[in-house]
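Visitor: Below is the structure I would like to discuss, written out as C-alpha cells.
The values are calculated or read from the model by the stated rules, or taken from the named source; none is laboratory data. None of the values given here were measured: they were computed from a predicted structure. Positions of Cβ are generated from backbone atoms using ideal geometry, with glycine treated the same way; all protein chains shown enter the neighbour counts.
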Amino acid sequence: MKLRVLGAHNVESRHTRMESHLVDGVLALDAGSLTRALTPDEQRGIRAIILSHRHFDHVKDLLPLGIAIRNEGVTVDVYAIQDTVDAVTDTLMSGRLFPDFLNSPSADAPTFRMHSVDFYQPFEVLGYRAMAVPVPHSVPAAGFSLASEGVSLFYTGDTGKGLSAAWEHVAPDVLLTEVTFGNDNEVGARASGHLTPNLLMEALREFGERHGRMPQVLVSHINPPWEDAVRRELAEITRESGQRFVVTEADMTFDLRDLAGRTG
C-alpha cells in the first residue's frame, strides 16, 4: 500500500491543507483536500472515499470533487457510519449548494454513491479489507482499519482520550492518527475530543501492553499555532521512551510495507 498525505492540518491556509490521505491513488481517507492537493487526472483516478466523521474539514472537498468528475462516466463509492452518511446526504448532497451528486448526472449513474457501514463489520472496498471502529470525538466518529498485501493500517481520523478502547479490535502495523494540540492545551483537547502528545503516548502504552509491540506512528491533523509545540513534545517523548513518530506534511508519501518492515 502506498499512502500519500494530501492534507495534514485542521485549518486551511496558503501553507496548510485540511485532513485527507490517498491510498494507491484510488482510495481516499477523508476529503479535506482532495481537489486542492490533486491534479485533474489524479482526481479522476479516485474510485472510493472513506469518511471518518461529518465535520466540515473532513468532508468539504466532496463538492468540488463532484464538479470535477461528474461527467467522467464513473461513480465514486463513499463509505461511512450512518451518522456521517445522514449528515453528508442532508447537507452537501441536498442539491442546495451544488448539484445533487447522488442523482447527477443520473440516478442510475450518480457521481457519488453513499454506503453506510456498521462498526466491527468487515467490508471490502477496491480489494482492501476494511472495518470501522468507534473512536472518541465530539461527534460520532469511526477509525478505519485497512489491510492489503500483508500490511495493516488504522486511520483514526479525529480522536481523543479513550482511543485505547480500539486496541481490542485492531492491532495495525501502521497507525495514522492525530495530534491536534500541544500538552499545554490538554483541557481543550479533552473537551473537543482531540489528542496531545501525552494523550497519544498514553494510548500507545496501552497498545504495547495489549499487543506486546508498538505500531509505526504517523501523526496528522495538527492545529497550526500548536505545530511547534507538538513537534517539540513528540521529540521529547522519543528521547525519553524511544517511541518514534513521523509528523506528516502535505505531499509526503509512504510505502506502508517498507514502513512496517514487511518484506513478504
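Visitor: Return the pairs, sorted by first residue and then second, in which the second residue is of a type in the set (D, E, K, R) and surrounded by fewer than 21 Cβ atoms within 10 Å (Cβ to Cβ), the first residue lies in the range 78-104 and is in contact (Cβ under 8 Å) with a residue 60 or more places away in the chain, the beta carbons are less than 8 Å apart, and the residues are 6+ apart or on different chains.
Guide: Hits for this filter: 81/118.
Visitor: Out of the residues in the range 15-39 that are outside any loop (DSSP other than H, G, I, E, B) and polar (S, T, N, Q), which is surrounded by the fewest Cβ atoms within 10 Å (Cβ to Cβ)?
Guide: Only one residue tops the list, namely 35.
Visitor: Follow-up. If the Cβ limit is 6 Å and pairs must be 6+ apart or interchain, which residue in the range 29-49 that is closer than 21 Å to residue 153 by Cα and touching a residue at least 24 places away in the same chain (Cβ under 8 Å) pairs with which residue that is of a type in the set (A, V, I, L, M, F, W, C) and assigned to a helix (DSSP H, G or I)?
Guide: 31/59; 31/62; 34/65
Visitor: Filtering the range 110-130 down to residues that are part of a loop (DSSP other than H, G, I, E, B) and out of contact with any strand residue (DSSP E or B) (no Cβ under 6 Å at 6 or more places or on another chain), which residue is nearest to residue 176 (Cα to Cα)?
Guide: Once the filter is applied, the top-ranked residue is 120.
Visitor: If you don't mind, another one. List every residue pair whose Cβ atoms lie under 7 Å apart, where the two residues are 6 or more positions apart in sequence or sit on different chains, the first residue falls within the range 134-148 and is buried (at least 19 other Cβ atoms within 10 Å of the Cβ), and the second residue, located anywhere, is part of a loop (DSSP other than H, G, I, E, B) and among the basic types (Lys, Arg).
Guide: Close Cβ pairs satisfying both conditions: 136/161.
Visitor: Anything in the range 162-198 that is assigned to a loop (DSSP other than H, G, I, E, B) and either free of Cβ contacts under 8 Å to residues at least 12 places away in the same chain or surrounded by 17 or more Cβ atoms within 10 Å (Cβ to Cβ) (or both)? List them, or say none.
Guide: Residues satisfying the conditions are 170, 171, 172, 173, 179, 180, 181, 182, 193, 194, 195, 196.
Visitor: With respect to residue 107, is the statement that it is within 30 Å of residue 180 (Cα to Cα) and small (Gly, Ala, Ser) true?
Guide: no
Visitor: Still on this structure, please answer the following. I need a count of the residues in the range 206-231 that are without any contact (Cβ under 8 Å) to a residue 24 or more places away in the chain and farther than 26 Å from residue 30 by Cβ.
Guide: Selection size over the range 206-231: 4.
Visitor: Return yes when residue 133 is assigned to a loop (DSSP other than H, G, I, E, B) and either in contact with a Pro (Cβ under 8 Å, 6 or more places away or on another chain) or modelled with pLDDT of 95 or more (or both) and no when it is not.
Guide: So residue 133 does not fit the description; no.
Visitor: Checking the conditions here, which among 135, 174, 187, 170 is within 17 Å of residue 245 (Cα to Cα) and among the β-branched types (Val, Ile, Thr)?
Guide: Checking each option against the conditions leaves just 174.
Visitor: Given the conditions (1) within 14 Å of residue 250 (Cβ to Cβ); (2) assigned to a strand (DSSP E or B), and given that residue 77 satisfies all but one, which numbered condition is not satisfied?
Guide: Unmet for residue 77, out of (1) within 14 Å of residue 250 (Cβ to Cβ); (2) assigned to a strand (DSSP E or B): (1).
Visitor: Against the condition out of contact with any Phe, Trp or Tyr (no Cβ under 7 Å at 6 or more places or on another chain), part of a helix (DSSP H, G or I) and among the acidic types (Asp, Glu), how does residue 57 come out, does it pass?
Guide: yes
Visitor: Just to check your reading of the model, which residue among 12, 42 is part of a loop (DSSP other than H, G, I, E, B) and more than 14 Å from the chain's Cα centre (by Cα)?
Guide: Criteria check complete, one pass: 12.
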